Amino acid sequence: MRRGLISRSLAELPDVALDARIERLRAAMIEARLDALLVYTNNTRAAGVSWLTGFVPYWSEALLVVPRARQPALVVALTFRVKSWIERTSRVAEVVHTPRIGLEAARMIAAAQADAAVGIADLDGLSAGIVDDLREGGPRLILSDASALFARLRAEADPAEIALAVKAATIAQTALAPRPGAGLGEMTAAVEARARLLGAEEVYVAVAPDLAHDRRLRRIEGEATLGDDFALRATVAYKGAWVRLVRTFGSAVPSEEAAARFAAAVAQLPGERGFAGFSSWLVEGCRIAQPLEPLMGSRVADPNPPVPRSLVSVQACLEVDGRPVLLGAPALLGGRGEAASLLVQPLSI
């Protein structure tokens, strides 16, 4: 369950931006001969529905129904008492409440056309129970996987999405400001407090307490002994936009050289050559529903390289003068022939 404030700003995410995304989706549906498209959401797989409607659930689950010729409807497994909140924070024509979202979504589509062709974004990620309910509610519906269709539309960021990512990145950058002399518990608490005060709807903090012995970033419960060099990572969500920022702290970390090498490597994305001298690296982004999905990296066996103009979060480990440095920041890939660029610098405030 999320703990931060979830609200919608018409200035940051205007109706025209959401309407344009729906129209692009409908054009793709017509080309694919789909009568309706379904997108699932819950608190961990919220990115697809939030991209189309602005809706981000605190908990539970929902299905967005996008008919080819009617306005979208949201079928939610949430009680009626949150109906007004959903209507305030999302752009949908109708909100339907039911414990069996698959059954109701199928009935809604079948009522208009019993044998409708229905695409499902991220079909493999949908639970068997919901799929069974879809078949029960619309026994003549023709269900198919529309993941590739949706991923193509979702990949390229529009101006509203870029602006939200920049805001999330700025929150993360500010939250990771140094606190000289503070203990680990105090530092991690300060990162979360700062991020939430700046409007983050969610923030997760991970730590590598002693880079000389272990470079893994992980959640720490309680205190841990800090080495000469340690790293913090802030994963921040702001109005549906998710980013990661990683910063290394230490008394003698050569930050300027590390930052320059990191930025140069990011600039060559989606090419891998810039990371040739790095110990490890990872590029994450949103394809369908997961806000930060591994796309490519030193340990990604089946890469999905991001396309031009897509938003990603990049993490990497490099060594400078024999000392490990962990860095990470969100980036925007350039258009064809253009270099990718960081949204913020991970080492400067």
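Averaging the sequence gap over all C-alpha pairs within less than 8 Å and six or more residues apart, then dividing by the number of residues, gives the stretch 177-219 a relative contact order of 24 percent.
Among the trypsin sites (Lys or Arg not before Pro) in the stretch 88-185, those located in a DSSP loop and surrounded by at most 13 other Cβ atoms within 10 Å of their own Cβ are R140. Scattering from the stretch 131-178 was approximated by placing one identical point on each alpha carbon and applying the Debye formula without solvent; log10 I(q)/I(0) at 0.13, 0.17, 0.20 1/Å stands at -0.60, -0.70, -0.77. Normalised by the number of residues in the chain, the mean separation of alpha-carbon contacts (under 8 Å, six or more apart) gives a relative contact order of 15 percent. Within the listed set G138, G337, G199, the residue fluctuating most in the Gaussian network model of the chain (springs between alpha-carbon atoms under 10 angstrom) is G337.
Relative contact order for the stretch 15-154: 23 percent, from Cα pairs under 8 Å spaced at least 6 residues apart, divided by residue count. For the stretch 214-271, trypsin sites (Lys or Arg not before Pro) are listed when DSSP marks them as loop and at most 13 other Cβ atoms sit within 10 Å of their Cβ; the list is R216, R219.
Spin-label model, I30/I162: points 7 Å from Cα along the beta carbon direction are separated by 2.7 nm. Ignoring the sites themselves, what is the longest stretch of the chain with no GluC sites (Glu not before Pro) in a DSSP loop and at most 12 other beta-carbon atoms within 10 Å? Of all site-free stretches, the longest is 1-220. The alpha carbon radius of gyration of the chain, expressed as a multiple of 2.2 N^0.38 Å, is 1.05.
Springs join every pair of Cα atoms under 10 Å in this Gaussian network model of the chain, and among A234, A111, A258 the largest mean-square fluctuation is at A111.
By the beta-carbon count within 10 Å of each Cβ, the least crowded to most crowded order of Y58, Y40, fewest first, is Y58, Y40.
Under the Kirkwood approximation applied to all pairs of distinct alpha-carbon atoms, what is the hydrodynamic radius of the stretch 15-154 in Å?
Details: mean 1/r = 0.0681 Å⁻¹.
Value: 14.7 Å, from the Cα pair sum.
Computed over the Cα atoms of the stretch 159-342, pair by distinct pair, the Kirkwood hydrodynamic radius stands at 16.6 angstrom.
Rule-based calculations on the coordinates, nothing more; no lab input. Keep in mind it's a predicted model, so treat the numbers as computed, not measured. So basically every Cβ, Gly included, is an ideal-geometry build from the backbone, and we count neighbours across all protein chains shown.
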